[in-house]
Amino acid sequence: MLLKRPKDIFVFFLILFSLNYFSPVDLPDIFKQLRYVYLIIAICISIFYLDLKGKKFSVPVALIYISILISIPFAHFTWQQSWSDCFIGTLPYMIWICFFYLLHVKYPIEKLEKMLLIYGTLYIILYFFQLAHSNSVYFGFDEEFQESRGITRIIFPGGSVFFISVFIALNRFNLKSKYKIVWLAFLIAGILIPILQVTRQLILFVLIIYTYHVSKKIQTRSKVMLVILITGITIYLTKSNIPVVQGIKDAQLETNSEGLENIRIKAAKYFINDLAPNNINKFLGNGVPHGEKSKYNIYTTILADTKGYYLSDVGIVGIYIMFGIIAVLGYCLIWIRSFTIRLPEKYIYLKYYLWFLLFTCLTSNTVYGEGYLITNVLAIYSYQSISENLNMQKSKRSLLTTPI
């Protein structure tokens, strides 16, 4: 049974509250308050287990978490944001500390996989429900529903559980796998939903990962055939008049014509060079903008409304602006270790997910957004836990083979 023990229930609801219930529009205040109380309890429990000894991902996670804490007084003293707004705005980001709780209790990876698959399935169901009722916004925000690129473009909240579920399915799917139809359904959704969302970067990354994963397991002749097949399909689609495909082509042509005048490039330049009021803020961050009366939040909102400069559109630059250079260093160390630390083939989906964050880190908020952060923490914990188990097994084998 999945929720057999108290810590199972604790982790299951930690995911739900961190995802903010997939951001329903008409959420009663009692659920918002319950969410904040639950996150505070989770953070308070986890902080006692902070431990940096011999852990490959513990140091970068600690760097990120400490940077988040340090940013709180900067938002208050530099931007005169109230302490309550500073705390409430920063609270969702502080769940990084739960990484250390999971390490302490040695939470089973298999149970995390099942939970993520459950939430991934729920994401797919809710997305298609919202797509079928695109005239009314039930989840997310109005600005995420746009009639553009040949379809009603719905950027549904909570995408992290969807993408990691797709990568788990990709890892498990083969001709002899159990639940083959279930994994195939995830794989189809993994390419269909990004296409329906008309998000070029996500479509490209999913295709790259699918191709890379399949090509690892086939012979050279089959690899050539696979490349030819994908190239043929791509050429066919680019020459077709399908509204969604035409919308993607038009968006790409527009991006190409903009060059350095692209809105994301201009936003990143402004945030890096002009937002922070002094050099200390440029190094340690400005904190999280939050609150209706916060000058900081009002200012960033004006930038978004008048110039189109959104922190969520510039990814790792948003991390730098809010939490400083040290937090960016933490993320860089995580990505470096995702390439250098090996994993058994059974868990290769964790690499795919971390590479997904790297691939999207300059143009979206996947590295820190409300719909992504808890899955980022769980993925990095899983990577750490598996790596530790492998090291322990190697040590035991070494002891058994050492002559007495």
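Here, each number is a calculation from the coordinates, and none is a lab measurement. The shown structure was predicted, so the numbers you read here are calculated from the model rather than taken from an experiment. Please note: Cβ atoms are built from the backbone with ideal geometry, for glycine as well, and neighbour counts cover all protein chains shown.
Using a/c under 1.5 as the rounded threshold, could you call region 320-391 rounded, prolate or oblate? The axes a ≥ b ≥ c are square roots of the C-alpha gyration tensor eigenvalues, and prolate needs a/b larger than b/c, oblate otherwise. Because a/c hits 1.5 or more and a/b exceeds b/c, region 320-391 counts as prolate.
Under the classification rounded if a/c is under 1.5, otherwise prolate if a/b is larger than b/c and oblate if not, where does region 280-367 fall, given a ≥ b ≥ c as square roots of the Cα gyration tensor eigenvalues? Cα axes put region 280-367 in the prolate bin. Taking amide H atoms as placed 1.01 Å from N in the peptide plane, the amide H of ARG153 lies under 5 Å from those of GLN146, GLU147, SER148, each 5 or more residues away in sequence or on another chain.
Compactness check for region 33-150: Cα Rg over 2.2 N^0.38 Å is 1.39. Cα centroid separation, region 32-87 to region 153-223: 33 Å.
Considering only Cα-Cα distances, which of the following residue pairs are longer than 26 Å: LYS32/LYS346; LYS32/LYS53; LYS114/LYS351; LYS4/LYS106; LYS269/LYS295; LYS180/LYS351? Result: LYS32/LYS346; LYS32/LYS53 exceed 26 Å.
Dipole magnitude for region 293-390: about 100 debye, using +1 per Lys or Arg Cβ and -1 per Asp or Glu Cβ, origin at the Cα centre.
Counting only Cα atoms, the size of region 30-86 along its three principal axes is 38, 32, 14 Å, in decreasing order.
Computed from phi, the 3J(HN,Hα) profile of region 301-309 under the Karplus parametrisation 6.51, -1.76, 1.60 (θ = phi - 60°) reads 5, 4, 4, 5, 6, 9, 10, x, 8 Hz, with x in place of Gly and Pro.
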